[in-house]
Amino acid sequence: MSAILQGAGAATALSPFNSIDSNKLVAPSRSSLSVRSKRYIVAGSDGTNNKTFASSSLIARRSDPLIPNAVATKADTAASSTSSKSGHELLLFEALQEGLEEEMDRDPHVCVMGEDVGHYGGSYKVTKGLADKFGDLRVLDTPICENAFTGMGIGAAMTGLRPVIEGMNMGFLLLAFNQISNNCGMLHYTSGGQFTIPVVIRGPGGVGRQLGAEHSQRLESYFQSIPGIQMVACSTPYNAKGLMKAAIRSENPVILFEHVLLYNLKESIPDEDYICNLEEAEMVRPGEHITILTYSRMRYHVMQAAKTLVNKGYDPEVIDIRSLKPFDLHTIGNSVKKTHRVLIVEECMRTGGIGASLTAAINENFHDYLDAPVMCLSSQDVPTPYAGTLEEWTVVQPAQIVTAVEQLCQ
Amino acid sequence: MAIWFARSRNLVSSLRHNLCTSTILIKRDYSHRPVLTTSHQLPSTVFSSPFVASLLRHESTAVEKQPDELVLHSDDQEEALQELDFPGGKVGYTSEMKFIPESSSRRVPCYRVLDEDGRIIPDNDFVPVKEKLAVRMYEQMATLQVMDHIFYEAQRQGRISFYLTSVGEEAINIASAAALSPDDIVLPQYREPGVLLWRGFTLEEFANQCFGNKADYGKGRQMPIHYGSNRLNYFTISSPIATQLPQAAGVGYSLKMEKKNACAVTFIGDGGTSEGDFHAGLNFAAVMEAPVVFICRNNGWAISTHISEQFRSDGIVVKGQAYGIRSIRVDGNDALAVYSAVRSAREMAVTEQRPVLIEAMTYRVGHHSTSDDSTKYRAADEIQYWKMSRNPVNRFRKWVEDNGWWSEEDESKLRSNARKQLLQAIQAAEKWEKQPLTELFNDVYDVKPKNLEEQELGLKELVEKQPQEYPPGFHV
């Protein structure tokens, strides 16, 4: 009923980002302005070892006050890009653990609950060592009932704690859907603002290595419609730690999507305290010809395809959207206005996935800037099969991405 | 006489052997009584000290220390000494294959203090209630009755869209609230407005929520009767059944972490115990050793589903032991019994850091809600019987009157005042303006995000362009 305005028009008027004209960002790793290049080893995510990618990522604001507006953070990046020459290298799951531990040190109200998160350290070791440090009550091993411990987290949050609820696999959180939709997302609203629910719900999701259909769910499709929650997806150790910390500090319920195959990514991250803005997308590789929007594991497939594309003479702009709800239409809009072509690469199913919503949002808001229809590469509408070859074909592969770009750029 | 005692002891022991679930026999220990009858009404601050708690400990808890016997080792004393080691501890074995029967030959008895005529049953075990508290309890029960009646009528007149009464459950509502401290956090289901009334929610505040006007603390976002008040430690009611039970475990967890002298108290009906969240909430609270008091209002009906179609167990109280939770069955229409039980349960929960389950037996006299006509599935004379002969308000009134604390005159004054106040509250709430359009988009998040700002702007423009399409008084 209500028309969504061409909101990007209103937003860009405010944006200092305009001053950083993307024409200046020619080669990906040589930009002097708001991007900094990083090299990191992708360990085992594609079954191939020792692939190195040059990638660039924005450094978010380092200071504590969290500014929700994606625009404001860009102003600081020039100043902060001279920071942290030193840093330390770690794996993505360690980055998550570091972020969680730092927040638990900082605020005694932060607690963790989930199955096997205590002395076992979590099924993906994200909570390793925390029970020893903070005790059995603050890092709580729960019986097996997702609806129960999610509900428990909500009740605890309404009385002042800041729980981090771990689903052993995102797919299991389908059992917690009632609590997440009817209570977590709603109670702040229906209570007239009297009760806040600052929970973080996190866990690994996505298609792994032959884990079968029930363990390969993409919950972001199902949750994206729930009003009152925020969703973010991490993809690098840097943004994993930053998003974890930001999510814990947020007053809203945040769902943090991790990916089963990305936990062993290694990267060097800054020593000092930093957070990543929850509503902000990440510019992975600036370019001119086409905007490729992706998130989580597909980012790596896209970057692999990007290598091939560059060799073929294309200049793709790759954006890791990171914020799944709400979309960072500001960053995305600016990119669309520059390249006029959009390809979305996701792991969700074709029907009702993040890509479907993003396609609709881009068409509604940036229709005038498009030279070609928005293309979306997603998984087929099938349960994820166990057999390795079949599983591989349900996930978007770099070759498909290359073909799609070639098609769009004709 | 002696022979009779000896025989009865054997009878009892063989009864216990044959009873296949442990029964909590409420033994009367006369040695404790002098302490109870002389203790005076304690203010809540004093009440919470462990010393006082031990004074008020009741026999039902002492009994609990007796080893509960499941019938399996009926005649093999020696075999009981041979034990097997399994995860979970040592367990004795038997070579006799015996199934635990699905039900006990005798149902768990119900704790009551007042008989049907409002007289204290002799040799009783209860927390005494002095005049001031008793009168206040009665007044609130009567006020709740008047409130239910008038709001129900208001719905029938079309002035509010929906209402849900607590008729027949006034004792549970008020007596449980009276037994708690204001710091105890209440997670209601939806048939417990009396708890909020006790804590100080005014009739005007109730009316405002039902009308969803600008003064409603919920800002017009929830159906009528979905009250909530963070100030009074009463969580906003959420429609889905039983979701509050795991949340109560979470509240208990939070209170335990912060070592607060308070507990979580949550309510559920007989029907709600079928939900998975009931199992989950109780199990978690037990494992976490969280200070939670679970109060189940077994009122016989879940809309049109009678309890015989809801579960096959002996009510809810027997389920407590399945989770390792101490439990009691109480006459929910007996205000003094409910008061004693909740008071003791609360004390146990806080001092021993454990959950407690109370099953309060009662009857849902009213319809499920204004969307229901219960005469369609139950006999009108059944309803009438419970309404007249088993009325908890009348029963308590008799006791209060017999003590000389209440008169006919007080009664008519209270009821007419309450009625007048309610009618005024309704009239005022009805006239009060409704929420502006901005409240549609506030509080979804702490700070309104871009997409909601856009949507709000879009809607605003639409309304301003065609104001005649919207009801008068609808403002942005």
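When a footprinting reagent is the concern and you count Cβ atoms within 10 Å, what order do A:LEU377, B:LEU423, A:LEU293, A:LEU343 take, fewest first?
Ordered by Cβ neighbours within 10 Å, fewest first: B:LEU423, A:LEU377, A:LEU343, A:LEU293.
When only C-alpha pairs under 8 Å and at least 6 residues apart count, what is the relative contact order of the stretch A:197-313, in percent?
With pairs under 8 Å counted, the relative contact order is 31 percent.
Looking only at other chains, what is the average number of their beta-carbon atoms within 10 angstrom of each beta-carbon in B:456-466?
Across the residues of B:456-466, the mean count of other-chain Cβ atoms within 10 Å is 2.
Write out the chymotrypsin sites (Phe, Trp or Tyr not before Pro) in the stretch B:358-415 meeting two conditions: DSSP loop, and at most 14 other Cβ atoms within 10 Å of their Cβ.
Filter output for the stretch B:358-415: B:TYR377.
What is the average number of partner chain Cβ atoms found within 10 Å of a Cβ in A:141-148?
Rounded to a whole number, the mean comes out at 6.
Which of the aspartates and glutamates could a cross-linker bridge to B:LYS214, judged by Cα under 18 Å and excluding same-chain residues fewer than eight apart?
B:GLU204, B:GLU205, B:GLU430, B:GLU433, B:GLU439, B:ASP443
At R0 = 22 Å, how high is the FRET efficiency between B:GLU411 and B:ALA379 if r is their beta carbon distance? Nearest 0.05 is fine.
Rounded to the nearest 0.05, the efficiency is 0.15.
In whole angstrom, how far apart do the alpha carbon centroids of the stretch B:356-392 and the stretch B:194-235 sit?
Each part reduced to its Cα centre gives a spacing of 25 Å.
Once you've got the Cα coordinates, tell me which of A:LYS128/A:LYS241; A:LYS325/B:LYS465; A:LYS307/A:LYS338; A:LYS133/A:LYS241; A:LYS128/B:LYS90; A:LYS266/A:LYS307 are over 23 Å apart.
Exceeds cut-off: A:LYS325/B:LYS465; A:LYS128/B:LYS90.
Can you give the average number of partner chain beta-carbon atoms within 10 Å of each beta-carbon in peptide B:207-214, as a whole number?
Neighbouring Cβ atoms belonging to other protein chains average 0 per residue here.
So if we plug the beta-carbon distance of B:VAL135 and B:ILE100 into 1/(1 + (r/R0)^6) with R0 = 45 Å, what FRET efficiency do we get, rounded to 0.05?
Using R0 = 45 Å, I get an efficiency of 0.40.
Can you sort B:LYS90, B:LYS214, A:LYS241 so the residue with the fewest Cβ neighbours within 10 Å comes first?
Least to most surrounded, the residues fall as B:LYS90, B:LYS214, A:LYS241.
Would you be so kind as to identify which of B:ILE325, B:LEU196, B:TYR253 lies farthest towards the positive end of the dipole of the stretch B:131-430, taking Lys and Arg as +1 and Asp and Glu as -1 on Cβ and the Cα centre as origin?
B:TYR253
Going by how many other beta carbons lie within 10 Å of each one, how would you line up A:ASP136, A:ASP141, fewest first?
A:ASP136, A:ASP141
Each reported figure results from applying straightforward, stated rules to the coordinates on display, with no laboratory input. Everything numeric in this text was worked out from a predicted model, so none of it was measured. Backbone-built Cβ (ideal geometry, glycine too); neighbour counts: all protein chains shown.
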